[in-house]
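Worksheet for the structure shown next.
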Amino acid sequence: MAKKIMKVPIGIPVLDDKFSGIYVGHMTFLTGASGEGREVAAGAVLNSYYQLEEQVLAVFAESDDRIAMRAREVGYDLEKASEIGALSILYHSYKPGEVLPVRESLEEIIAEAHRISAAVLFIQDARPWLEVHPVSAVPERVAEFISTLEESGLTSIVALPEPVSAAAKKVWEEMKNRTSIAMQFHRDRMGNYFMKVLTYMGLTANIRLPYEASLKFVPRKGFVKDVEPVAVPTSSGASHAPAELKEAPAAAVSFSHGADPAMMDMTQSILGQISHFVPPPKPTPAPMPTPAPMPTSVPMPTSMPKPTSVPMPTPMPKPTPAAPVPERRDRPKYSFAAAEAETKKRAKYSFAAAMKEGS
């Protein structure tokens, strides 16, 4: 006879409603950056098992103060759970580069879980068992880690920060692909939490992976489910939402800050009366007059006569520019006699000079 596969809710509404929780006796992988919701999800898981009265063995790598502070964010009283024996804690110091032997160290933890009759094992940070060099040895290391936990029969929840190196990225991918369930948590700039289901074995065909959904977080309560108004039947057969779930009128909300209580009560009473007042029926509007018919358009002629062409005027000749007037200069006037006397004088002088030079 095949063994029945059982599931249990872990305090995360979207996962519990859509996937019916996690598998009992198998490993669940939680991942996310610090402060992105991974620690809150871990606290929600511990609180859920506390409500189910399941014994839990937790392996932490941090101090009591930080763990207790994160537990209080989701309403989980870690000290009280430890006092009544519902939670047992083991501590280990994580040193970067230090690698613990997988089977030997995990067998000691599993033996302690069986000794206290714990059904759940929670490991806050699995890096000391998984970050190994060289990177080629990571698949074998992760397979040994998962098989050792699942052979113990415990329901194990293992958390791991998001990778920042190539070796850590390889570890993260192997954990995502080899575990039964892998979930990733993150927040946006507005502080809203989101969960992404990366892996889910035995998933139905109508759900596609990765499956992402938003989570509603309430301080000291953790992740909660949105409450929808429930219809309550009345004596008249109609149904309405409960009074405590009705939304206040918009006018009353404006008086809610710093107003007198008596004035607020009177405002609420007036608004309640107004809300039950049935307004009179609106008068039927008078019929609009029928618009007058538009005048018939005048038919256009079949063909328009071509306009007669107008002859273009003959262009006027361009005026010829006048010749520039030379600048007038005053020159001395010589008479003909004076010019002739000057010529003879020069010729005489030249002849005399030439004869003198020849002798």
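No value in this document is a laboratory result; all are computed from the given coordinates. Fair warning: this is a prediction, and the values are worked out from it, not measured in the lab. Here the Cβ is made from the backbone with ideal geometry for all residues, glycine too, and neighbour counts use every protein chain on show.
Close amide-amide hydrogen proximity is noted between ILE89 and ALA58, each under 5 Å apart and 5 or more residues distant or on a separate chain (H modeled in the peptide plane; Pro and chain starts excluded). Evaluated at q = 0.12, 0.18 Å⁻¹, a Debye calculation over the C-alpha positions of the stretch 140-204 (equal weights, vacuum) places log10 I(q)/I(0) at -0.38, -0.79. Extension gain for ARG115 to GLU79 (0.36 nm times residue separation, less C-alpha to C-alpha distance): 10.9 nm. Converting the Cα gyration tensor eigenvalues of the stretch 26-108 into ellipsoid dimensions via √(5λ) gives semi-axes, longest first, of 22, 17, 13 Å.
Taking amide H atoms as placed 1.01 Å from N in the peptide plane, the amide H of ALA126 lies under 5 Å from those of ALA159, each 5 or more residues away in sequence or on another chain. The reciprocal of the average 1/r between distinct C-alpha atoms defines the Kirkwood hydrodynamic radius, which for the stretch 1-147 equals 16.5 Å.
Applied to the stretch 39-54, the Karplus parametrisation 6.51 cos²θ - 1.76 cosθ + 1.60 on θ = phi - 60° returns per-residue 3J(HN,Hα) values of 5, 5, 5, 4, x, 5, 5, 4, 5, 5, 5, 5, 5, 7, 6, 9 Hz, with x for Gly and Pro. Counting Lys and Arg as +1 and Asp and Glu as -1 over every other residue whose Cβ lies under 11 Å from the Cβ of PRO139, the net charge comes to -1. When all alpha carbon pairs of the stretch 50-98 are counted in 5 Å bins from zero, the resulting P(r) reads 5, 18, 28, 26, 12, 6, 4, 1 %. Sorted into 10 angstrom bins from 0, the C-alpha pair distances of the stretch 90-234 split as 9, 32, 32, 20, 5, 2, 1, 0 percent.
Ordering 33-45, 68-80 by mean Cβ neighbour count within 10 Å, with the highest value first, yields 33-45, 68-80. In this simple spin-label approximation, GLN51 and SER214 carry label points 7 Å from Cα along the Cα→Cβ vector, and these lie 2.2 nm apart. Less than 5 angstrom separates the built amide H of LYS7 from those of VAL24, all sequence-distant by 5 or more or on a different chain. Other residues within the sphere of radius under 12 Å centred on the Cβ of ALA41, judged by their own Cβ, net out at +1 (K and R +1, D and E -1).
So what is the relative contact order of the stretch 83-223, in percent, for Cα pairs below 8 Å that sit 6 or more residues apart? Please list the in-between numbers first.
Working: 160 pairs, mean separation 23.8, N = 141.
The value is 17 percent.
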